[in-house]
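Worksheet: the structure to be examined is printed underneath.
Here, each number is a calculation from the coordinates, and none is a lab measurement. From a predicted model like this one, the values you see are computed outputs, not experimental measurements. Neighbour counts are summed over all protein chains in view; Cβ atoms, including those assigned to glycine, are modelled from backbone coordinates with ideal geometry.
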Protein chains: 2
Amino acid sequence: MTSLFTSPGSSLRPDPGLAHRRAQATLTVTGEDGSPLAEQDVLVRQRDHAFGFGCIGFELIDWINGRSQDETGDAELARRWTALFNKATLPFYWGRFEAVRGEPKTAELRAAAQWFKDRGVGVKGHPLLWHTLTAPWLTDLGAEQVDQALRERIRREVADFTGVIDTWDAINEAVIMPVFTAEPNAVTTLARQKGRVAMLRLAFEEARAANPEVTLLLNDFDMSTGYECLIEAALEAGVEIDRLGLQSHMHQGAWGEEKTHDVLERFSRFNIPIHFTETTILSGTPVPEHISDLNDWQVSAEQWPSTEEGEARQAEEIQAHYRRLFAHPAVESLTYWGLPDKDMWLNAPGGLLRRDGSPKPAYDRLHELIKGEWWTSETPLRTDEAGRVSLEGFLGGYELEVDGAVASFELQAPGASHLELRVPQRSAAGTASR
Amino acid sequence: MTSLFTSPGSSLRPDPGLAHRRAQATLTVTGEDGSPLAEQDVLVRQRDHAFGFGCIGFELIDWINGRSQDETGDAELARRWTALFNKATLPFYWGRFEAVRGEPKTAELRAAAQWFKDRGVGVKGHPLLWHTLTAPWLTDLGAEQVDQALRERIRREVADFTGVIDTWDAINEAVIMPVFTAEPNAVTTLARQKGRVAMLRLAFEEARAANPEVTLLLNDFDMSTGYECLIEAALEAGVEIDRLGLQSHMHQGAWGEEKTHDVLERFSRFNIPIHFTETTILSGTPVPEHISDLNDWQVSAEQWPSTEEGEARQAEEIQAHYRRLFAHPAVESLTYWGLPDKDMWLNAPGGLLRRDGSPKPAYDRLHELIKGEWWTSETPLRTDEAGRVSLEGFLGGYELEVDGAVASFELQAPGASHLELRVPQRSAAGTASR
């Protein structure tokens, strides 16, 4: 096996100027017959971001499946969700997904994933393999049976969702997996016996076998040298990590400039695009520092309110965090860990909406960034005598409208490019080719 | 490359009964002609431990090389040293060993190593590759030249000392190596570029090439999951780790039962014999917990005395630590990081002798263990009509004396065994065969 470790690139430094997020494109606009549309007024508008602005979609699953307890509130939640995000993470915690062996909630999750997909939202499944919230019925099985059950579950989920979910957290928190002591479980027992790398290989290889086109993440909360060493171990073992998942739950205080810079610097060395997979920033009191496992912090929602001061601070910290990550070329997406305070993990006031559904300042601030400052707003342009227009925009999906007809195109790579865009006569579809 | 990771064995649990340290042997004692020496009085005595009771030998180098500033004190120090230990660690910090390029202190170190070897003491060189105390002149070189210089230095030292030093810390503190920030240095820069595993491979492969029979350690102070992951990375990369080195400097307080148990449990999973390579336990005030790098603790020896209360505590803690490690079958040796307080790292009162050379209670306590409780004292026995004697003893080297003639033998493996021992007529040499 050849090592997959590659020497760090030299270009992965943060650029607040965001050159890596922008393209300068010249479009030659033609009619259906290929002849340039000269001297015409056109409208160009961005439709989507190339960057993944994600959020968990857990809270919408019941509503999508017609089981809402609050139709109005959930519909509004869905509206707020799609107004901001283009990537959804959906839960595949095995102990919940298949609490009774042989009865997976495939239909329910497929409906949810399809709902997001229909709205142009990419979906990730989380996670295929983890020691926490694993299937309770595994404890009755021997090591070989557990191994087999894990493989079958991974293949089944990846295969069943192909085309709807093609991105997965292949394995979650493998650094601690074999030495996890908070609750005895069959996955930890197996990891102890096989080692971490064998568990990684199991997850990545089974998932890839079920869908060769799948995008697989290694995901961890451990930002220490331990995670670096695990990544090196995976690369030496020939495990193909498509994306590197970094959690950033900040229940004990925002990371700030220095820690974020350090983490980006250390983890961008592997030349694997980075996803910030789980970001939480509170609008209330932080968890005390002496709590080493956040799951030990057991308080009610009433004991942990979102405060005015906290919401102002949260908005600042979220804005700063998003700016730092968007400015770093190694980062490809950033997923926030929960839109509403309702049903938040640990009852934490970490959402962007209050319990009554109203937006906190952080929601508005994020909207200003994602759909304002970093969004190419509708731009009227006029083609020249050769049918050309020039535009500069953030990478992502666009459409161009001319005389009532619309064609779509993408700005895919930073820097200068030239596209030809054929506009069908008063039709909604069109294709761009370089 | 096939993974070298093996599933954890089932027998690596601590046994305070020390069955893994003891053998029950039946010896058939014969004369030179091979005929049994029946009904004879014999004396059996232990000469050495199979277990490595080690210490650094740094303080004796000048004295061995005829540069003592205190002949009487140093001779007494040497006597105290050899009365207790059977393994020595000698310093090969590159920045000191070869401060000026091309002028290595080979002769001086070889004299020291030979002195120990002549006294039956096994010697380890420490370390072949480390980012701290590295050669200052490396900073003038480019990456490829640094790489080449490292390789040459490793080959040179291992080759030059073959037969006198056949055990080396191949690489020291690789977990932190590429992200070490305390002082810029060429080794960290190279590790950053190549990755940890490549640095491990460099050290192990060059050393092995220079001496195929060498015993090589991976050595680290990091007892977190980070070191576990690095070991997995090494094993996946096919790096043959002969022994696993765990440092245990306890300047901030003794580990105690729980941490020691946890470390042994986690690191014995790799089925690689464990060396506790660097143990320090203080007889004075511990370094405050907020100091994260011990090198930041800069105090004079006068400010950091050995106290009566501290010495009593140190003796208890050292005894407990040695008992725990000797009771664990995965542990093969334990090296204490300095016999005298004089010249101790950080000026810490961590020695077993006071600054005036007198023994602290910990020295006597260790002597009681190593040469008392865990030592098979001289035993008079009488052979039966077939020339046989039975004995139970701690693993190690022995001699048997009969009628003024002496033959030596070894108890190598725990449990029952049968040896034949031919005793030459009134000679000091003899051989045992199974």
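Observations, loosely collected:
- Total charge dipole magnitude, chain A, about the Cα centre, Cβ charges on Lys, Arg, Asp, Glu only, Debye to nearest 20: 540
- Relative to the Cα centre, the charge distribution of the protein assembly as shown, modelled as +1 at Lys and Arg Cβ and -1 at Asp and Glu Cβ, gives a dipole magnitude of about 1040 debye.
- FRET efficiency, residue B:117 to residue A:33 (Cβ-Cβ, R0 60 Å, nearest 0.05): 0.05
- The mean of 1/r over all pairs of different alpha-carbon atoms in the stretch A:74-142, once inverted, gives a Kirkwood hydrodynamic radius of 13.5 Å.
- Formal net charge of residues neighbouring residue A:351 (Cβ-Cβ distance under 11 Å; K, R +1; D, E -1): +1
- Within 10 Å of the Cβ of each residue in B:182-195, the mean number of Cβ atoms contributed by other protein chains is 2.
- Degrees between helix A:143-160 axis and first principal axis of chain A (Cα, 0 to 90, nearest 10): 20
- Helix axis angle, B:225-236 relative to chain B longest principal axis, alpha carbon, degrees: 80
- Between copies, residue A:309 shows label-point distances of 4.1 nm, shortest first, with the point placed 7 angstrom from Cα along Cα to C-beta.
- Top positive-direction residue, dipole computed over the protein assembly as shown with Cβ charges, set A:53, B:405, B:212: B:212
- Kirkwood's formula applied to the C-alpha pairs of the stretch A:146-216 gives a hydrodynamic radius of 12.5 angstrom.
- Quotient of the Cα radius of gyration of the protein assembly as shown and 2.2 N^0.38 Å, N being its number of residues: 1.17.
- Ratio of the Cα radius of gyration of chain B to 2.2 N^0.38 Å, where N counts its residues: 1.04
- Theoretical FRET efficiency, 1/(1+(r/R0)^6), r = Cβ-Cβ of residue A:110 and residue B:213, R0 45 Å, to 0.05: 0.15
- One Cα centroid belongs to the stretch A:125-153, the other to the stretch A:353-417; the line between them spans 44 Å.
- In nanometers and ordered shortest first, the copy-to-copy spacing of the residue B:343 label point, defined 7 Å from Cα toward Cβ, is 6.9.
- Inter-centroid distance (Cα atoms) of the stretch B:269-283 relative to the stretch A:1-69, Å: 52
- Counted over the stretch B:161-200 with a bin width of 10 Å, the fraction of Cα pairs per bin, in whole percents, is 28, 42, 21, 8.
- For chain A, built as a Gaussian network whose Cα springs stay under 10 Å, the top-fluctuating residue of A:62, A:74, A:296: A:296
- Whole-Å semi-axes of the stretch A:156-280's equivalent ellipsoid (Cα gyration tensor): 24, 18, 15
- Taking the charge dipole of the stretch B:1-89 about its Cα centre, with +1 at Lys and Arg Cβ atoms and -1 at Asp and Glu Cβ atoms, the residue from B:77, B:88, B:34 reaching farthest to the positive side is B:88.
- Percentage relative contact order, chain B, counting C-alpha pairs under 8 Å, at least six apart: 28
- For chain B, the number of Lys pairs separated by eight or more positions or lying on different chains, with C-alpha atoms closer than 19 Å, is 7.
- For the stretch A:297-351, the Rg and Dmax computed from alpha carbons only, in angstrom: 13.4, 40
- Beta bridges per DSSP with both ends in the protein assembly as shown, % antiparallel, nearest 5: 40
- If R0 is taken as 56 Å, the Cβ-Cβ distance between residue B:41 and residue B:144 corresponds to a FRET efficiency of 0.20.
- Evaluated with a Cβ-only charge set (Lys, Arg +1; Asp, Glu -1), the stretch B:118-163 carries a dipole of roughly 220 debye about its Cα centre, given to the nearest 20.
- For chain A, the longest principal axis of the C-alpha atoms and the axis of helix A:256-267 are separated by about 90°.
- For the protein assembly as shown, the cysteines with no partner cysteine C-beta closer than 4.7 Å are A:55, B:55.
- Signed unit charges on C-beta, dipole axis of the stretch A:37-176, positive-most listed residue A:163, A:102, A:146: A:163
- 13 Å beta-carbon shell around residue A:378, net charge (K/R +1, D/E -1): 0
- In units of the rule-of-thumb radius 2.2 N^0.38 Å, the stretch A:1-131 shows an alpha carbon radius of gyration of 1.54.
- For residue A:43, label point 7 Å along C-beta direction: distances to other copies, nm: 10.9
- Modelled label positions at residue A:412 and residue B:152, each set 7 Å beyond Cα in the direction of Cβ, lie 4.9 nm from each other.
- Within-13-Å neighbourhood charge of residue A:334 [Cβ basis; K, R +1; D, E -1]: +4
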